[in-house]
């Protein structure tokens, strides 16, 4: 698992192997069981995460009590909660492990110390956030302009394994459709392919 961290450090920094080792040695890696809530809607986040193995769902519950899935995080994706714009700093989302997961756990209170100790770590984090944000913007623009079938096809192209890893009603929520519509779309798409 630590090989993934060395890969990221090599890709986004010019740190020596010894410096990389110091960072990797100071990073906390934890295992979480399927069903574990990393953060609940309304709580103030104190941690950030990087997925080494597993799948984490991001969702919220609206005023009517309906769950709305807004993202799934899988291997080599960062889970950052940006809520500094809110007065109470509470999370608008719940993050739940859909599978047994292995995550790098960062302490938000300690992050400045890590950046001060390893300046290039801050640069790496910024590059990763910029990359993720750019992808999110692109995905959102495409999502808005797409039909439900186009959304499903795009998901298949970008994240083909996801449809077998998450419950269909959550996938439907993520795509902004009903589970019944998702079932019809899957049949149509797979019959066109096969």
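Here are a few things to note about the model shown:
- Matching entry among 96, 136, 142 (being surrounded by 15 or more Cβ atoms within 10 Å (Cβ to Cβ) and not in a loop (DSSP other than H, G, I, E, B)): 96
- Looking only at segment 1-35, and only at residues there that are part of a loop (DSSP other than H, G, I, E, B) and crowded, with 17+ Cβ neighbours inside 10 Å, the one that is farthest from the chain's Cα centre (by Cα): 15
- Screening the candidates 54, 65 for the property of being free of Cβ contacts under 8 Å to residues at least 24 places away in the same chain and at positive phi yields one hit, 65.
- Some residue of segment 55-71 being surrounded by 14 or more Cβ atoms within 10 Å (Cβ to Cβ), in contact with a strand residue (DSSP E or B) (Cβ under 7 Å, 6 or more places away or on another chain), assigned to a loop (DSSP other than H, G, I, E, B) and modelled with pLDDT of 95 or more: yes
- Residue 156 being out of contact with any strand residue (DSSP E or B) (no Cβ under 8 Å at 6 or more places or on another chain), part of a helix (DSSP H, G or I) and surrounded by 12 or more Cβ atoms within 10 Å (Cβ to Cβ): yes
The values are calculated or read from the model by the stated rules, or taken from the named source; none is laboratory data. Bear in mind that the values here come from a model prediction, so they are computed numbers and not experimental data. Here Cβ is always computed from backbone atoms with ideal geometry, including for glycine, and neighbour counts include all displayed protein chains.
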